[in-house]
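Notes follow the structure.
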Amino acid sequence: MAPTRLGVLTKPIAWVIVATLFLVGRIRIVVYANDHPPPHVHAVNDGHARFVLGETPADVQLVECERMSRRELRSIAAALIARHDECLACWRR
């Protein structure tokens, strides 16, 4: 096992493939390969947020947020609504 600062890893580290769909300012909108349902995207900068896409642009919903301002969240939501079909297609690939 590989040593770490906290001891020994009990599971090997796997590579995670991330597709950056687009940027909202300095915030990356990403989809992780083989991610769990329901269809969603992650918004990543110094913080993190997760938005469920739903079937229509009106269904976009914030479900998780850490260290992001309301202003950033509004900008991300607006971009996801505007590019909903693109995001949903990427998540389904």
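Read-outs throughout are calculated quantities, based only on the coordinates presented, and are distinct from any laboratory measurement. Keep in mind that this is a model prediction, so the values were computed, not measured. Virtual Cβ from ideal backbone geometry, glycine too; neighbours counted across all protein chains shown.
Looking at the range 69-87 only, could you name the residues that are in contact with a strand residue (DSSP E or B) (Cβ under 8 Å, 6 or more places away or on another chain) and either assigned to a helix (DSSP H, G or I) or more than 18 Å from VAL31 (Cβ to Cβ) (or both)?
Taking the range 69-87 as the starting set, the residues that turn out to be in contact with a strand residue (DSSP E or B) (Cβ under 8 Å, 6 or more places away or on another chain) are 72-73, 75-77, 79-80, 83, 86-87.
Scanning the range 69-87 gives GLU72, LEU73, SER75, ILE76, ALA77, ALA79, LEU80, GLU86, CYS87.
How many residues does the range 21-64 hold that are free of Cβ contacts under 8 Å to residues at least 40 places away in the same chain and aromatic (Phe, Trp, Tyr)?
Let us first name the residues in the range 21-64 that are free of Cβ contacts under 8 Å to residues at least 40 places away in the same chain, namely 23, 26, 28, 30, 32-34, 36-38, 42-64.
Checking which are aromatic (Phe, Trp, Tyr) leaves us with 32, 51.
Final tally of qualifying residues: 2.
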